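Reading through the structure tokens given below for one structure.
The values are calculated or read from the model by the stated rules, or taken from the named source; none is laboratory data. Note that the structure is predicted; figures quoted are calculated from it, not measured. Positions of Cβ are backbone-derived with ideal geometry, glycine not excepted, and every protein chain shown enters the neighbour counts. What goes into the accessible areas is simple: the full protein's heavy atoms, side chains included, and nothing from ligands, DNA or RNA. Shrake-Rupley method; radii C 1.70, N 1.55, O 1.52, S 1.80 Å.
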Amino acid sequence: MLDNLESSYDCSRAGDDLHQLKEELASLRGLGREDQETQEQINRLENQIAFIMNKCDINH
């Protein structure tokens, strides 16, 4: 998970960051745990992925 994503995010890092975030997300989903903390982490990762994709105009 990335610590801070701001409007000044450098899109040249998007490829590596998205790869890392998606791996973390898949790992959390693979745990099969549905507790509140895990769900919050999943939500945060999904939000970070969406932010980068929107900011950097990435479709997939």
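For the chain, what is the mean residue ellipticity at 222 nm derived from helices alone (per DSSP H run of n ≥ 4: -39500 (n - 2.57); sum divided by total residues; nearest 500 deg cm²/dmol)? Result for the chain, helices only: -21500 deg cm²/dmol. Note on the chain: Cα-only Rg and Dmax are 11.9, 35 Å. Taking all protein chains into account, the per residue accessible area for the stretch 1-48 stands at 72 Å² (1.4 Å probe). Taking 7 Å steps out from each Cα toward its Cβ at E34 and K55 produces label points 3.3 nm apart. What do you get for the angle between helix 36-55 and the principal long axis of the chain? Use alpha-carbon atoms, 0 to 90 degrees, nearest ten. Here the helix axis deviates by roughly 20 degrees. Other residues with beta-carbon under 13 Å from the beta-carbon of A14 carry, at +1 per Lys or Arg and -1 per Asp or Glu, a net charge of -1. Per-atom-type breakdown for the chain gives carbon and sulfur 42% of the accessible area (1.4 Å probe, protein chains only).
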